[in-house]
Amino acid sequence: MKKNKILFYCLMFVMSTTMLTAQSKKELKKQKKLAEYAKTKILVQNGHFVFKTAWIVTQKGDRTEAIGDGLLIEGDKTYANFPFIGNMNRGTLSGPNNIEFKTKETVFIADYNDKKRKIFLKFEAKDKNESYSIYITILGTGKTTVQISSSARGIMSYEGEIKKVVI
């Protein structure tokens, strides 16, 4: 009987330490995600980051690997060069095939969803021939989706990651 009691207490001790370890791992994972989000949020708030395009996603949902530029944000200035493989809404392009624009004094609308660890940015841009609405969704890890709606082209989405601008 005494042996069973000791065995029971040993078993309870092992189970409780295992549960605490599992809870600690879960808590550590949550803290890591919160730290990643805080780092990403500070990067966005500072307003100096670059988005590198990794994938192009068409309106049909087709994904194509993309090598190239993306979007550079420096304060209130933006520089963009996105590959374009979609449909034209009107006429033909008189300029480059890529979606390219530079803006100054850009007004960004930012929304921070701390609960879901997501950041939403929106801004408008124009070049000689087109106007664009740009919607950016940034996850806490830095993974990013940029959606561009154009006055002359179909909607395009780009997936990639934001990083700090290195000069």
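Remark: pairs (first residue in region 46-70, without any contact (Cβ under 8 Å) to a residue 24 or more places away in the chain; second residue in a loop (DSSP other than H, G, I, E, B) and buried (at least 17 other Cβ atoms within 10 Å of the Cβ); Cβ separation under 8 Å; 6+ apart in sequence or on different chains) = Gly68/Pro83. In region 127-135, the count of residues that are touching a Leu at 6+ places or on another chain (Cβ under 8 Å), of a type in the set (Phe, Trp, Tyr) and either surrounded by 14 or more Cβ atoms within 10 Å (Cβ to Cβ) or under 24 Å from Leu34 (Cβ atoms) (or both) is one or more. If only residues of region 46-64 that are surrounded by fewer than 12 Cβ atoms within 10 Å (Cβ to Cβ) and either within 21 Å of Leu121 (Cβ to Cβ) or of a type outside the set (Asp, Glu) (or both) are counted, the one that is farthest from the chain's Cα centre (by Cα) is Lys60. Please give the number of the condition Gly68 fails out of (1) at pLDDT below 75; (2) closer than 21 Å to Lys163 by Cβ; (3) out of contact with any Pro (no Cβ under 7 Å at 6 or more places or on another chain). With (1) at pLDDT below 75; (2) closer than 21 Å to Lys163 by Cβ; (3) out of contact with any Pro (no Cβ under 7 Å at 6 or more places or on another chain) applied to Gly68, the lone miss is (3). Residues in region 72-99 that are farther than 13 Å from Val44 by Cα and at pLDDT 90 or above: 6 in all.
The values are calculated or read from the model by the stated rules, or taken from the named source; none is laboratory data. Owing to the predicted nature of the structure, the values given are computational and were not obtained by experimental measurement. All Cβ positions, glycine included, derive from the backbone under ideal geometry; neighbour counts span all protein chains shown.
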